[in-house]
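S.K.: Below you will find the structure I want to go over with you.
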């Protein structure tokens, strides 16, 4: 849900008693569009003000971010005028998405002055502007712009501050007759949802839909379809939801998407019927709801941004490798044709006596062909017949050498393409920034991106079981990979790697030689491990099938039927020299063909836990 004018009013009403009277100890600007105030009133408070185009807002937060080495100019201006000052007022007018923070502080001459900090929450036009209310002069703005960017106003030091233009919407109304009159100023074929959004202040699209839903109507309902009872219900829902003074007690809520890994999808100040399909969580305050929602959104945006940048790197490498493979295929095709030159050389050698000097071609019997067909061989008339034969031998040898070299390069390129496909899959599956960091380190270790390489133990695995020593015993738990952990219906543990580095660690270091290992056949995917007890050769059939189902789910074969899954013991796995991360070979294995059942997958995915 957007931070609309109504929700903003509830937030202002909730935070005003906590913030008014608080003094500013420190001011930070950790990001170009975000300012933090460290405030003190009985207890320490951290106020976040953001003008981000995708999530403009303000709320209290406990999150701290790394600050730049040199504070930006706007941060320096705020420090000069506001540090040590006191917040004396916090207000919002007419449900507009502009919140004004009124501060009092002593200036350089020792005079007590009042300053206004306007937070304008307007999407990509959001801004934070410091103003001297006596002269209505702008001291500075977080985003500066002149008339070249805005014909309405300039946001530059020394210019007169103009509030954002009014949208001409009606403030909350208690008079139903007046409210109906405003509705009927619109065309009868307009939807009720659109009219509420266009004519009444503080209402977001989500809130407009909720008013219509709570009135028992459909969001596509037109004004001309509403009877007198419908309008009365609409007005009651409007009064109940759009007037912050009309709801004495709010019930802040968070809503989560239903999935194996629930994600925050929305928040509201009271339970919304439009989100009834989502999992509901009540929170103690609207500030908590806003903070947690936008923090989750910020993390999700950061996650997708990093995923996108890594995807771009991998895709560029993949495209480059595809071009190389095309060149090798063309070279191989040309070289295959050159193998015929050996036969031509031998036929010319056998018929030297029949070829006159200066001939441009030679017609000879092909004794390689059972029908002894006639072959016409082009000749260079400037050289002898024997030299022409030697020239064809050289062309044959060149083609043969090209085939040998191209075969090696082609195999290497195919291996790289398979590896890059596995990276693309791992990037799609990564659910946290730390998992993307592991993939980034892997890319750096392989030379695809600049950056610090991983430690030796993360890049190269020694053959056999690692030796235990004091250093390994004191290794930080943060350095130990954290694969996915599931439980079969029989209570058996099943481990699944999240990326290539974890796949190597899981298969070649974590797994005992007798543990059972699974992987989709010739398809990129995660390594799956079933730890076995001493003397146990195989787990029960149910656990084996469920582990195979997870191997299919965490592979590019997800959603396919009759997928081949190889399984073998860890002792059969080998990692060739110079092999890419996540690549292993094995000679002895069994193969299971399986179509995973949805209900089994859902139960397995719900059993996921964090590896200690």
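The values are calculated or read from the model by the stated rules, or taken from the named source; none is laboratory data. Keep in mind the model is a prediction, meaning the values are calculated, not measured. Quick reminder, even Gly has a Cβ in these numbers, built from the backbone with ideal geometry, and neighbours come from all protein chains shown.
S.K.: Closer than 26 Å to residue 58 by Cβ, surrounded by fewer than 17 Cβ atoms within 10 Å (Cβ to Cβ) and within 24 Å of the chain's Cα centre (by Cα), is that true of residue 249?
M.R.: Values: closer than 26 Å to residue 58 by Cβ: yes; surrounded by fewer than 17 Cβ atoms within 10 Å (Cβ to Cβ): yes; within 24 Å of the chain's Cα centre (by Cα): no.
No, not satisfied.
S.K.: To continue, here is another question. Residue 196 versus (1) out of contact with any helix residue (DSSP H, G or I) (no Cβ under 8 Å at 6 or more places or on another chain); (2) touching a residue at least 40 places away in the same chain (Cβ under 8 Å): which is the lone unmet condition?
M.R.: (1)
S.K.: What are the residues in region 1-31 that are within 20 Å of residue 69 (Cα to Cα) and either crowded, with 20+ Cβ neighbours inside 10 Å or under 34 Å from the mean Cα position of the chain (by Cα) (or both), if any? Walk me through how you get there before you give the answer.
M.R.: Quick first cut of region 1-31, residues within 20 Å of residue 69 (Cα to Cα) only: 25-31.
Across region 1-31, the qualifying residues are 26, 27, 28, 29, 30, 31.
S.K.: Would you point out which residue out of 296, 309 is under 27 Å from residue 15 (Cα atoms) and either part of a helix (DSSP H, G or I) or over 28 Å from the mean Cα position of the chain (by Cα) (or both)?
M.R.: Only one candidate passes the filter, namely 296.
S.K.: Could you run through region 443-457 and say how many residues are more than 14 Å from residue 420 (Cβ to Cβ) and at pLDDT below 85? Outline the logic, then answer.
M.R.: Here is the first cut: in region 443-457, the ones more than 14 Å from residue 420 (Cβ to Cβ) are 444-445, 450-457.
This time we only want the ones that are at pLDDT below 85, so: 450-457.
Within region 443-457, residues that are more than 14 Å from residue 420 (Cβ to Cβ) and at pLDDT below 85 number 8.
S.K.: Within region 342-368, track down each residue that is assigned to a helix (DSSP H, G or I) and either modelled with pLDDT under 90 or closer than 22 Å to residue 381 by Cβ (or both).
M.R.: Listed by number, the residues that qualify are 343, 344, 345, 346, 347, 348, 349, 350, 352, 353, 354.
S.K.: Continuing with the same structure: Looking only at region 573-599, which residues are crowded, with 17+ Cβ neighbours inside 10 Å and farther than 25 Å from residue 534 by Cα?
M.R.: If the condition is that a residue be crowded, with 17+ Cβ neighbours inside 10 Å and farther than 25 Å from residue 534 by Cα, then 580, 581, 582, 594, 596 are the ones that fit.
S.K.: Within region 484-501, track down each residue that is out of contact with any helix residue (DSSP H, G or I) (no Cβ under 7 Å at 6 or more places or on another chain) and not in a strand (DSSP E or B). Spell out the reasoning first.
M.R.: First pass over region 484-501, keeping only residues out of contact with any helix residue (DSSP H, G or I) (no Cβ under 7 Å at 6 or more places or on another chain): 484-485, 487, 491, 493.
Correct list: 491 only.
S.K.: For region 71-96, which positions are touching a strand residue (DSSP E or B) at 6+ places or on another chain (Cβ under 7 Å) and within 18 Å of residue 34 (Cβ to Cβ)?
M.R.: 71, 72, 74, 75, 77, 78, 79, 82, 83
S.K.: Do any residues in region 510-534 that are in the same structural domain as residue 587 (by TED's automatic domain parsing) and over 13 Å from residue 496 (Cβ atoms) have Cβ atoms under 6 Å from those of residues that are modelled with pLDDT under 95 and part of a strand (DSSP E or B), where the two are at least six apart or on different chains, and which pairs are they?
M.R.: These pairs meet every condition: 523/555.
S.K.: Could I ask something else about it? Can you find even one residue in region 324-341 that is outside any helix (DSSP H, G or I) and in contact (Cβ under 8 Å) with a residue 24 or more places away in the chain?
M.R.: Within region 324-341 (the criterion being outside any helix (DSSP H, G or I) and in contact (Cβ under 8 Å) with a residue 24 or more places away in the chain), the answer is yes, since at least one residue qualifies.
S.K.: Continuing with the same structure: Please find, within region 547-572, the residue that is surrounded by the most Cβ atoms within 10 Å (Cβ to Cβ) out of those that are in contact (Cβ under 8 Å) with a residue 60 or more places away in the chain and under 25 Å from residue 431 (Cβ atoms).
M.R.: Across region 547-572, the extreme among qualifying residues is 550.
S.K.: Could you check how many residues of region 392-429 are touching a residue at least 12 places away in the same chain (Cβ under 8 Å) and farther than 30 Å from residue 304 by Cα?
M.R.: Of the residues in that region, 13 qualify.
S.K.: Here are 425, 419, 396: which of them is in contact with a helix residue (DSSP H, G or I) (Cβ under 7 Å, 6 or more places away or on another chain), not in a strand (DSSP E or B) and not assigned by TED's automatic domain parsing to the domain that holds residue 585?
M.R.: 396
S.K.: For residue 578, only one of the following conditions fails: (1) assigned to a loop (DSSP other than H, G, I, E, B); (2) under 19 Å from residue 488 (Cβ atoms). What is its number?
M.R.: (2)
S.K.: Still on this structure: How many residues does region 32-46 hold that are touching a helix residue (DSSP H, G or I) at 6+ places or on another chain (Cβ under 8 Å) and surrounded by fewer than 21 Cβ atoms within 10 Å (Cβ to Cβ)?
M.R.: The qualifying residues number 2.
S.K.: Here is a follow-up. With respect to residue 204, determine if the residue is in contact with a helix residue (DSSP H, G or I) (Cβ under 8 Å, 6 or more places away or on another chain) and buried (at least 17 other Cβ atoms within 10 Å of the Cβ).
M.R.: yes
S.K.: Next question, about the same structure. Any idea which of (1) in contact with a helix residue (DSSP H, G or I) (Cβ under 8 Å, 6 or more places away or on another chain); (2) farther than 30 Å from residue 605 by Cα is the one residue 430 doesn't satisfy?
M.R.: (2)
S.K.: Further question: Checking residue 131 against (1) under 19 Å from residue 19 (Cα atoms); (2) buried (at least 18 other Cβ atoms within 10 Å of the Cβ); (3) without any contact (Cβ under 8 Å) to a residue 40 or more places away in the chain, only one condition comes out false. Which one?
M.R.: Unmet condition: (1).
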